[in-house]
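The values are calculated or read from the model by the stated rules, or taken from the named source; none is laboratory data. Just so it is clear, the model here is predicted, and its values are computed rather than measured. Backbone-built Cβ (ideal geometry, glycine too); neighbour counts: all protein chains shown.
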Amino acid sequence: MAGETAKVDPMHQFTIEPLFGTETLDIAGYNIAFTNSALWMLITAVVLWVFMLGGMKQQLVPGRWQMMVETFTGFIDDMLEANIGKEGRKYVPYIFSLFMFILFANLLGLMPLGVVGLHPFTFTSHFTVTGVLAIMSFAIVLVVGFWKHGLHFFSLFVPSGTPLIMAIFIAPIEFISFMFRPFSLGLRLFVAMMAGHVLLEVLSSFVIDGGNAGLVWAGVVSLPSFALMVAICALEILVSGIQAYVFALLSSLYINDAEHLH
Amino acid sequence: MPQIAQLPEIWSSQLFWLLVIFGLVYFVIGRGMVPKVMDTVGLRDKQIADDLAAAQAARDAADEQEEAWRKRENANREAAQALVNEAKAKAAKSTETKLAKVQAAIDAQLEEAETRIAASRAEAAAEIESVAAEAAQDIAQRLANVSVTKTVAKSAVKKAMANG
């Protein structure tokens, strides 16, 4: 019966389960159960808070930890300065929260805590989460755009210097690409995180099934799969950083459109 | 795919907890901690810039002082050089006058000696003449038994001596 028990569902890791008997918790009829997803959001927030505490020593000559925190704030500050200019300063709290929250969530989801019996949950692999974050960024773009430029914000869809005849065709295209921004923003992160975790799960099932099938299969299947897993783990750590960076970078680019139009 | 399969039951809980927790992150970390961290960085950058400016000012002042010192040093050196030159010239002059004085004394001595030698020579020549005349007188007396007067003898001697 070894074949049956070793069957792995690579999607099972994304299942959301209510914890601590809160499945009936609701507000106005909407269920708000405290799930494993919410737990990992909380863990991410707490870990991020602890990390930031290291930056609160405010020493003139920083230690390593403080230096690390300052490197991250400086990184976001520089990115906003480069993409938006000096008006970008006021978005540092939002973009920093976004970047660090996603980065820590991605990295914590990769932690090999299964070894000690805990099951890390990567909530950035749920489009219900990435979608809300994307809509948040998009809402900021809309609010800032209409607040600063009023109805003139619609000129965003007509690149400057376009002849009228071209503008008739370009404006709808620009409008559609603009409306697709939150989807691409949210889906990109969700897909990248989910694909990585599925890949790792599938490979680990190869390792285990190969091992169960005997010494020969362990040598032919398990060892190469394991080597590949190690490499893909490194890749996934890279992807965690890149996806968080891309999310923050695109958000800041979209905000730049709202601040400066074209 | 649980993300889609579970969507009807989980979307509200996901939305609620994400908003609560991301809101906490935004207000506590983004709004509360990040500005303080950035202030620290800004303060440090300002301090470094100030220190650098102070260092630059100190260096400029040092350069200025060095320049002034160099000028003073050059002037001092020039003055010393002038003093040395003056002393040299004075020494040379005094040596010269002393030498000239000594030279003059030597010249005078030489001249005096020369006149003395000339006098001695003349005296000696006269003496030789008179001795020769006497000798000639004597020789003539003894050999020829001719008595020759002193004047004749003298003139004869003179003639002979003039011939060499």
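Among the residues of region A:154-186, just one is over 14 Å from A:LEU250 (Cα atoms) and of a type in the set (D, E, K, R), namely A:GLU174.
Please work out if A:LEU25 is at pLDDT below 80, touching a strand residue (DSSP E or B) at 6+ places or on another chain (Cβ under 8 Å) and among the hydrophobic types (A, V, I, L, M, F, W, C). It is true that A:LEU25 is at pLDDT below 80, touching a strand residue (DSSP E or B) at 6+ places or on another chain (Cβ under 8 Å) and among the hydrophobic types (A, V, I, L, M, F, W, C).
Given the structure, is A:PHE104 more than 14 Å from every other protein chain (Cβ to nearest Cβ), at pLDDT 85 or above and either over 23 Å from A:VAL239 (Cβ atoms) or buried (at least 18 other Cβ atoms within 10 Å of the Cβ) (or both)? Give the derivation first.
Details: more than 14 Å from every other protein chain (Cβ to nearest Cβ): no; at pLDDT 85 or above: yes; either over 23 Å from A:VAL239 (Cβ atoms) or buried (at least 18 other Cβ atoms within 10 Å of the Cβ) (or both): yes.
It is false that A:PHE104 is more than 14 Å from every other protein chain (Cβ to nearest Cβ), at pLDDT 85 or above and either over 23 Å from A:VAL239 (Cβ atoms) or buried (at least 18 other Cβ atoms within 10 Å of the Cβ) (or both).
The set of residues in region A:6-22 that are more than 24 Å from A:LEU203 (Cα to Cα) and touching a strand residue (DSSP E or B) at 6+ places or on another chain (Cβ under 7 Å) comprises A:GLU17, A:PRO18, A:LEU19.
Restricting the first member to region A:6-20 and to residues that are modelled with pLDDT of 75 or more, and the second to residues that are polar (S, T, N, Q) and assigned to a loop (DSSP other than H, G, I, E, B), the beta-carbon pairs closer than 6 Å and six or more apart or on different chains are A:ILE16/B:GLN6.
Residue under question is B:ALA57, and the condition is that it be loosely packed, with under 11 Cβ neighbours inside 10 Å and more than 7 Å from chain A (Cβ to nearest Cβ); does it hold? Judged against the criteria, B:ALA57 is a match.
Where residues in region A:60-101 are small (Gly, Ala, Ser) and at pLDDT 85 or above, which of them is surrounded by the most Cβ atoms within 10 Å (Cβ to Cβ)? Here the residue is A:SER97. Output yes when any residue across region A:135-150 is at pLDDT 85 or above, within 14 Å of another protein chain (Cβ to nearest Cβ), crowded, with 22+ Cβ neighbours inside 10 Å and in a helix (DSSP H, G or I), and no when none is. Yes - at least one qualifying residue is present in region A:135-150. Candidates in region A:107-128 are the residues that are without any contact (Cβ under 8 Å) to a residue 60 or more places away in the chain and assigned to a helix (DSSP H, G or I); of these, the one that is surrounded by the most Cβ atoms within 10 Å (Cβ to Cβ) is A:THR128. Checking the structure you have, find out if any residue of region B:24-44 is in a helix (DSSP H, G or I), more than 7 Å from chain A (Cβ to nearest Cβ) and aromatic (Phe, Trp, Tyr). Yes, some residue in region B:24-44 is in a helix (DSSP H, G or I), more than 7 Å from chain A (Cβ to nearest Cβ) and aromatic (Phe, Trp, Tyr). In region A:89-101, the residue that is farthest from the other protein chains (Cβ to nearest Cβ) out of those that are of a type outside the set (A, V, I, L, M, F, W, C) and free of Cβ contacts under 8 Å to residues at least 40 places away in the same chain is A:LYS90. The sole residue among A:ALA258, A:ALA244 that is under 30 Å from A:LEU151 (Cβ atoms), among the aliphatic types (A, V, I, L, M) and in contact with a helix residue (DSSP H, G or I) (Cβ under 6 Å, 6 or more places away or on another chain) is A:ALA258.
Is it true that B:ILE21 is under 59 Å from the mean Cα position of the chain (by Cα), assigned to a helix (DSSP H, G or I), within 14 Å of another protein chain (Cβ to nearest Cβ) and at pLDDT below 95? In short, no.
Given the criteria touching a helix residue (DSSP H, G or I) at 6+ places or on another chain (Cβ under 7 Å) and in contact (Cβ under 8 Å) with a residue 24 or more places away in the chain, does A:LEU39 qualify? When the stated conditions are applied, A:LEU39 does not pass them.
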